[in-house]
Amino acid sequence: MNLLKRIYSILLKEYGFQGWWPVTPVNYCSGSETAPIYGIATKNDKQRLEIIFGAVLTQNTQWKPNVERVIIELNRLNLIDINQIFKVKHEVLAQAIKSSGYFNQKAKKLKNVAEFLKKYPIKKLRKTDLWESRKLLLNINGIGPETADSILLYALDKQIFVIDTYTRRIFANLGVIKPEAAYDEVQKLFMDNLEHNHRIFKEYHALIVEHAKRHYSKKPYGKNDPLLKIVG
């Protein structure tokens, strides 16, 4: 078993199934305040759109309580809808997503995403080649590699590994990657050493975040990380 697979097994045993991405249930009652739930299967395009919006909103902030609160509010206002995002005034949308931070910028990004999805609907994107889909997403103003890959993996079930700050922090501390390694280089390392299965990619990324919250949230990062014992 290679090192990355071994670390995945250790994290899964330690923290258990994470069930990312949290999503609002299909039996949600419009206008109510139901929080997204972990561990439920994504069943329709509205849920996939919610994940796409969530991937944008979680930029530079935490899911709980900030983005979770916004998703609840967007559902309450019936704004998990491409047409409604088009219609709603910028000021109203910005106010609705205020708790996610950078709300004026993110309101513009959500409108950019909605415009993109008018041209490339979710059903079409799911059938489009992975790398072509990624290229299209990266052409959206305000969408970088991490956000694009989160959309591809969690909303579209594409087989791509998401690299975030926590991934870099953990695996640089373990000596697996160089701190200055490029995004694509780190991503290639994971994808070359793991089975190409979107469920595994989702779970591994979620486990990395959970591990980082416990050992890499405060400096000195990872000083007492138990994973150091297996790479030392």
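Key figures for this structure:
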| read-out | value |
| --- | --- |
| Residue in region 151-163 that is more than 18 Å from the chain's Cα centre (by Cα) and either part of a helix (DSSP H, G or I) or surrounded by fewer than 18 Cβ atoms within 10 Å (Cβ to Cβ) (or both) present | no |
| Test set (1) among the polar types (S, T, N, Q); (2) touching a residue at least 40 places away in the same chain (Cβ under 8 Å); (3) buried (at least 16 other Cβ atoms within 10 Å of the Cβ) - Asn78 fails condition number | (3) |
| All positions within region 63-72 that are under 13 Å from the mean Cα position of the chain (by Cα) and within 10 Å of Gly101 (Cα to Cα) | Val67 |
| Residue satisfying condition, being assigned to a helix (DSSP H, G or I) and either modelled with pLDDT of 95 or more or touching an Asp or Glu at 6+ places or on another chain (Cβ under 7 Å) (or both), within set Leu4, Leu79 | Leu4 |
| Top-ranked residue of region 87-106 - restricted to ones that are in a helix (DSSP H, G or I) and among the hydroxyl-bearing types (Ser, Thr, Tyr), ranked as surrounded by the fewest Cβ atoms within 10 Å (Cβ to Cβ) | Ser99 |
| Filtered residue count, region 113-142, keeping only those that are assigned to a loop (DSSP other than H, G, I, E, B) and in contact with a Lys or Arg (Cβ under 7 Å, 6 or more places away or on another chain) | 1 |
| Ile85 vs. criteria aliphatic (A, V, I, L, M) and within 17 Å of Ser150 (Cα to Cα) | no |
| Number of the condition not met by Gly175 [criteria: (1) surrounded by 12 or more Cβ atoms within 10 Å (Cβ to Cβ); (2) under 20 Å from Glu210 (Cα atoms); (3) not charged (D, E, K, R)] | (1) |
| Members of region 157-173 found to be of a type in the set (Lys, Arg) and in contact (Cβ under 8 Å) with a residue 24 or more places away in the chain, listed by number | Lys158, Arg169 |
| Residue in region 15-27 that is part of a helix (DSSP H, G or I) and of a type outside the set (S, T, N, Q) present | yes |
| The one condition in (1) touching a Ser or Thr at 6+ places or on another chain (Cβ under 6 Å); (2) assigned to a loop (DSSP other than H, G, I, E, B); (3) without any contact (Cβ under 8 Å) to a residue 40 or more places away in the chain that Thr61 fails to fulfil | (3) |
| Selected residue (only one of Ala35, Ala41 is free of Cβ contacts under 8 Å to residues at least 12 places away in the same chain and in a loop (DSSP other than H, G, I, E, B)) | Ala41 |
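The values are calculated or read from the model by the stated rules, or taken from the named source; none is laboratory data. For clarity, every value in this text was computed on a predicted model and none was experimentally measured. Using ideal geometry, Cβ is built from the backbone for each residue, glycine included, and neighbour counts are taken over all protein chains shown.
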